[in-house]
Amino acid sequence: MSRRLANLTLDNLDDLPRRCRRCVFWELDPAAGDRAVQAGDPALEKEAWVSATLLEWGSCGKLVYVDGAAAGYVLYAPPAYVPRSVAFPTSPVSADAVLLLTAHVLPDFAGGGLGRMLVQGMAKDLTRRGVKAIEAFGDAKWERPACVVPADYLLAVGFKTVRPHHRYPRLRLELEIALSWREDVEVALERLLGSMSPEPIFKPV
């Protein structure tokens, strides 16, 4: 079985699951997201966002392939490129951090260490670029797969709460920690990524 990581580019953007490929929850502000859905072209907006982010900032995601088949992904970007982030009550994201948007390992490939590959690949990429930490908004009342990561799972993989909130706390992971995870943390990470779904959610949070 061959496994490889690849940077997200316009060439492999269509390898994202269809629902995530058309989801602009993070990439647009709530009003613009609603307009994109009503116009029927969220996939075009997603492509435009990836294109602009690649040109202006650089790599904003990783895809993992198993025997040539896309098996999972992680997306990330500085908060300035994530309009939805300002809609959260615990914003803004720290100036020295990059925002983890979403991550997912397809069910057929869960439990094989792909989650670790993805997030450590992201951590190594960001470390080389001088980034000190990853931050994420968690859902403290998570009940079903959605675009916002369950807060409990973020805590399980080493994130620490930096801005408490009854529903959407903001959490932070220092990159030096991400690069030296223990086995038990990697198991928790697999659970995190396996629990997430690329279901599009376009309602304001």
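Side notes on the structure shown:
- Residue within the stretch 108-118 that is at pLDDT below 95, in contact with a Phe, Trp or Tyr (Cβ under 8 Å, 6 or more places away or on another chain) and open to solvent by 30 Å² or more (accessible area, probe 1.4 Å) present: yes
- Subset of the stretch 4-47 that is loosely packed, with under 15 Cβ neighbours inside 10 Å and among the hydrophobic types (A, V, I, L, M, F, W, C) - its residue that is nearest to M122 (Cα to Cα): L10
- A single member of A31, A52 is farther than 20 Å from L173 by Cα, at pLDDT below 95 and not charged (D, E, K, R), and it is A31.
- Residue count for the stretch 119-159, restricted to those that are charged (D, E, K, R), within 21 Å of A80 (Cβ to Cβ) and surrounded by 18 or more Cβ atoms within 10 Å (Cβ to Cβ): 2
- Every pair of residues 6+ apart whose Cβ atoms lie under 8 Å, when the first sits in the stretch 1-23 and is free of Cβ contacts under 8 Å to residues at least 12 places away in the same chain while the second is open to solvent by 20 Å² or more (accessible area, probe 1.4 Å): D14/R21
- Of everything in the stretch 65-93 that is small (G, A, S) and surrounded by 18 or more Cβ atoms within 10 Å (Cβ to Cβ), the residue that is nearest to M117 (Cα to Cα) is G72.
- Residues in the stretch 94-107 that are open to solvent by less than 30 Å² (accessible area, probe 1.4 Å) and either part of a helix (DSSP H, G or I) or farther than 22 Å from A52 by Cβ (or both): H104, V105.
- In the stretch 45-61, the residues that are without any contact (Cβ under 8 Å) to a residue 40 or more places away in the chain and farther than 12 Å from A80 by Cα reach residues that are open to solvent by less than 50 Å² (accessible area, probe 1.4 Å) and in a helix (DSSP H, G or I) with C-beta atoms within less than 7 angstrom, at least six apart or across chains, in these pairs: E45/A36; K46/R21; E47/L13.
- If the condition is being among the small types (G, A, S) and outside any helix (DSSP H, G or I), then the stretch 19-72 contributes G40, G58, S59, G61, G68, A69, A70, A71, G72.
- The single condition among (1) over 30 Å from E174 (Cβ atoms); (2) under 17 Å from the mean Cα position of the chain (by Cα) that P83 does not meet is (1).
The values are calculated or read from the model by the stated rules, or taken from the named source; none is laboratory data. Just so it is clear, the model here is predicted, and its values are computed rather than measured. FYI the Cβ positions are ideal-geometry reconstructions off the backbone, even for glycines, and counts take in every protein chain you see. Areas reflect the complete protein model, heavy atoms only, side chains present, ligands, DNA and RNA absent. Shrake-Rupley method; radii C 1.70, N 1.55, O 1.52, S 1.80 Å.
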